[in-house]
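Structure record follows, encoded as structure tokens.
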Amino acid sequence: MPHRSSQPFLPSGGFRVGCNYWASHAGTHTWSDWRPEIVSADFSQLADARLTLLRIFPLWPDFQPLQRLATGNGDLLEYRLGEEPLPDTPAGQAGVDAVMLERLRALADLAHARGLQLIVGLVTGWMSGRLFTPPAFANVNVITDPEAIKWQVRLVRCIVDSLRNHPAIVAWDLGNECNCMGRASAAEAWTWTHAIATAIRAADPSRPVISGMHSLQASAHKPWAIRDQAELTDFLTTHPYPLWTPHCDLDAPNTLRPQLHATTESRLYADLGGKPCFAEEMGSMGPFIVSDALTPQFLRPSLFSLWAQDCRAMLWWCAYDQEHLAHAPYDWIPVERELGLIRNSREEKPAVATVREFSALIDRLPFASLPPRQIDAICILTEDQDQWAVAQNAFALAKLAGADLAFQMGDAPLRDAPAYLLPSIAGTKFLSRRRWLELLSRVEAGATLYLSLDTAVLAGLEPWAGVEVQTRSQRTGPDEMIFSDDQQRLPVTGTFNLALRATRAEVLASTADGNPVFTRCALGCGQVFLLTNPLERALADTPGAYSPKSPHAESWRIYARIFASVPSDRAWIKTHALLSITEHPLDGNQRVLVLINHNTAAVTEPVRLKSGWNLKSVLHGPALGKNGVHIPACDGAILLLTRTISA
């Protein structure tokens, strides 16, 4: 019978810390330059650092070194391992090198001996900027070529069948970022994924199948879509490096957006796909981006945030520096050489202490798993917009305003929520008529709706927004909005200017010449907020947008105005903007709060609770002071609240 772990893989509310692993001496030559004594020493060091979950990579051309032998006109005659015919063994007939299989088993044995668990990335044909394929497939698109897919299926079946009983292996990964191995249409990407996932499950139905992809698409019409991967695998994955992710290489790593990046992207995948998601690869991208000394200021808030939002695990890229390696891709790409948690000398970088401390913290908490956070609104993403740009900044603005979002696409059935956000809608087909009418009926029944407009062209606004468009024109330059209640001023951006006339709506902010920009209108028992400024998309392209020195720094107050009118069961009344807070009900009368300080300076958050709630204890963080909860720079606190039960 296949091995079955006594514990489910990455259960909801739990959290694991680990790393991606290549042997410290060899990188991608781990298998061809096999040195078990070095692997053993590596594993001892990683186990001591409490990095108990490792992702490993059987390099495709090492494990299946197929040669294509042809006759006249290049016609295929057979495949061989070098010049040798395929052996008459199950591995041989799959084109798999038996020596490599034994090395993989030996590595798994060494991991098990030290209490380490393994995710195996089965089709490792892409790594750190280099394509690795067997010689037989050097000149084909291995994602779409049927012959290449046939041999990948055989490779996967062979590895999984050979090691399905090994106790160190807890999950099978399709491979490392296989969406980089070849161009594909949406249907071709689905077909490749289905072939590999089916091969894994046929050989081992007991372990989960992990996507292993990065930079998936929110739209179902694009290749490598989030929902396609969710349909075919058990766990989705993100590889959230700001350097490589659109709209993310803007801010210092120890500031809000980079600290929330992994969480936002992982929640986007999980919410849209309906499958759990974890940060399978994550890192600072080396000392050119952020010093080793300051890396914990990026990592620590990221860990707290991932855990608080049920993102299950964080695996750092990678275990060891690779600056001593002369072969490609390390010869090609300097940034790939200094990404380890540990130097070549085996000296631990400061990030190791951070992951060790956080892992120990999770283990000593008085509850086995963290309950789901409370959700205040659903953020609906639509076609014709840059969904990631919009999602990232809607999530951040909500955090600053003291709220938490979940995501969905506009073509999916509406989730129940007290509020719905349609941020920075663009184009001419943002929602179908039936979905739009369904949404308006939710508002009429009492929900709150917020829309911000980018390039969208809509039907008449008056019936639901209480305003009429007089003219639409290209914006000629920057402008600002002025709020009627406190005269606060914020920039107005975007391509188009709408000249509006308010018929029934309350004007919350206007430009200096009196043109309404931000309005509120009653609709049945609910209300509609309209912003004619593509706030979220604009912030996505604005470096330092959330810095106190930015003219956009107070933009979150737009969200605060919206959520102030949405019924909420939150117990804590937040004071500091750059403090994100999630609330997790243990039961009707107990609640865990996770507070994360995204400032590079310590803050003291006053204890301001709604009536009936009391602070019972500080589960993590300094003791409560007379002025409130003191949270160091880029750190977190965990509180336990209790509700007073009336007689």
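The values are calculated or read from the model by the stated rules, or taken from the named source; none is laboratory data. Keep in mind it's a predicted model, so treat the numbers as computed, not measured. No Cβ is skipped: glycine too gets one built from the backbone with ideal geometry, and neighbour counts run over all protein chains shown. Accessible surface is based on the protein model in full, side chains and every heavy atom, while ligands, DNA and RNA are left aside. Shrake-Rupley method; radii C 1.70, N 1.55, O 1.52, S 1.80 Å.
Scalar couplings 3J(HN,Hα) for the stretch 599-610, obtained by applying the Karplus form with A = 6.51, B = -1.76, C = 1.60 to θ = phi - 60°, are 7, 8, 9, 5, 10, 10, 8, x, 7, 10, 10, 5 Hz; x denotes Gly and Pro.
In percent, rounded to a whole number, the relative contact order of the chain is 11, using alpha-carbon pairs under 8 Å and six or more apart.
Rounded to the nearest angstrom and ordered from largest down, what semi-axes does the equivalent ellipsoid of the stretch 465-541 get from its C-alpha gyration tensor (root of 5λ)?
Values: eigenvalues 81, 39, 34 Å².
Semi-axes from the Cα gyration tensor: 20, 14, 13 Å.
Given R0 = 30 Å, the distance between the Cβ atoms of residue 564 and residue 357 translates into a calculated FRET efficiency of 0.20. Each principal axis of the stretch 326-414 carries a Cα extent, and these read 53, 44, 24 Å when sorted largest first.
Note on the stretch 40-159: with charges restricted to the Cβ of Lys and Arg (+1) and Asp and Glu (-1), its dipole about the Cα centre is near 460 debye. Using R0 = 30 Å, the C-beta based FRET efficiency linking residue 165 and residue 47 works out to 0.85. Taking every C-alpha pair closer than 8 Å and separated by at least 6 residues, the mean separation divided by the residue count of the stretch 8-114 gives a relative contact order of 26 percent. About the centre of its Cα atoms, the stretch 46-113 shows a dipole size close to 360 debye [charges on the beta carbon of Lys, Arg (+1) and Asp, Glu (-1) only; nearest 20 debye]. Ligands, DNA and RNA left out, the accessible area of the stretch 1-130 computed with a 1.4 Å probe is 50% carbon and sulfur.
Taking 0.36 nm per residue of sequence separation and removing the Cα-Cα distance, the residue 618/residue 183 pair yields an extension gain of 151.5 nm. Residue by residue, the stretch 251-267 carries 3J(HN,Hα) couplings of 10, 4, x, 8, 10, 3, 4, x, 5, 9, 4, 4, 5, 4, 5, 5, 5 Hz when phi is fed to the Karplus relation 6.51 cos²θ - 1.76 cosθ + 1.60 (θ = phi - 60°); x denotes Gly or Pro.
Once the 1.4 Å probe is applied to the protein heavy atoms, the stretch 492-624 comes out at 39 Å² accessible per residue. Summarising the strand pairing of the chain, around 60 percent of its internal DSSP beta bridges are antiparallel.
Projected onto their three principal axes, the Cα atoms of the stretch 172-233 cover extents of 31, 20, 17 Å, largest first. To test your reading of the geometry: what angle, between 0 and 90 degrees and rounded to tens, separates the Cα axis of helix 98-113 from the longest principal axis of the chain? For helix 98-113, the angle is close to 60 degrees.
Stick to the Cα atoms of the stretch 1-99, pair each with every other, and give me the Kirkwood hydrodynamic radius in Å at one decimal. Across the stretch 1-99, the inverse of the average 1/r is 17.0 Å. Applying 0.36 nm per residue to the separation of residue 112 and residue 462 and subtracting their alpha-carbon distance, the gain on full extension is 119.4 nm. Here the mean projected area of the convex hull built on the C-alpha positions of the stretch 534-593 is 5.4 nm². Relative contact order, whole percent, for the stretch 536-603 stands at 18, derived from Cα pairs under 8 Å and 6 or more residues apart. The heavy atoms of residue 292 present about 40 square angstrom of accessible area, all protein chains included, probe 1.4 Å.
Note that the stretch 562-647, at 37 °C in a medium of 0.692 mPa s, gets a Stokes-Einstein diffusion coefficient of 245 µm²/s from its Kirkwood radius over C-alpha pairs.
Computed over protein heavy atoms with a 1.4 Å probe, the accessible surface of the stretch 185-268 works out to 30 Å² per residue.
Max-minus-min Cα coordinates of the stretch 240-375 on each principal axis give 48, 34, 25 Å, with the largest extent listed first. The Cα trace of the stretch 598-647 gives Rg and Dmax of 12.3, 45 Å, the first to one decimal, the second as a whole number. Take the Kirkwood radius over Cα pairs of the stretch 215-288, plug it into Stokes-Einstein at 37 °C and 0.692 mPa s, and you get 257 µm²/s for translational diffusion.
In sequence order, the stretch 233-247 has phi-based couplings of 10, 9, 9, 8, 9, 10, 10, x, 8, x, 4, 10, 9, x, 6 Hz under the Karplus curve 6.51 cos²θ - 1.76 cosθ + 1.60, θ = phi - 60°, and Gly or Pro positions carry x. Helix-only arithmetic for the chain: the sum of -39500 (n - 2.57) across DSSP H runs with n ≥ 4, divided by the residue total, places the mean residue ellipticity at 222 nm at -8000 deg cm²/dmol. Here the spin labels are modelled as points 7 Å beyond Cα on the Cα-Cβ line, and at residue 513 and residue 93 they lie 7.9 nm apart. At R0 = 51 Å, how high is the FRET efficiency between residue 469 and residue 642 if r is their beta carbon distance? Nearest 0.05 is fine. Step by step, r from the Cβ atoms, then E = 0.50. If the chain linking residue 434 and residue 541 were pulled fully straight, counting 0.36 nm for each residue of separation and taking away their Cα-Cα distance, it would gain 35.3 nm. Each Lys and Arg adds +1 at its Cβ and each Asp and Glu adds -1 at its Cβ; summed about the Cα centre, the chain shows a dipole of about 1740 debye. Solvent-free Debye calculation, one equal scatterer per alpha-carbon of the chain: log10 I(q)/I(0) at 0.05, 0.11, 0.12 Å⁻¹ equals -0.25, -1.10, -1.26. Considering the zone a paramagnetic label at residue 32 would reach in this model (a point 7 Å from Cα along the Cα-to-Cβ line), which residues of the stretch 88-108 have amide N under 15 Å from it? Those under the cut-off are 97, 100. Between the helical axis of 433-444 and the longest alpha-carbon principal axis of the chain there is an angle of about 50 degrees. Angle check, please: helix 387-400 long axis (alpha carbons) against the longest principal axis of the chain (alpha carbons), in degrees 0 to 90, nearest 10. It works out to around 60 degrees. For the stretch 120-261, would you read off the P(r) tail past 23 Å as a percentage of all alpha carbon pairs? Value for the stretch 120-261: 38 percent of Cα pairs lie more than 23 Å apart.
Note that the stretch 273-351 presents 32 Å² accessible area per residue, ligands and nucleic acids not counted, probe 1.4 Å. Taking each of 399/616; 275/429; 574/610 in turn, the alpha-carbon distance tops 18 angstrom for 399/616; 275/429. Positive-end ranking of 241, 166, 119 along the dipole of the stretch 117-249, with charges on Cβ about the Cα centre, is headed by 166.
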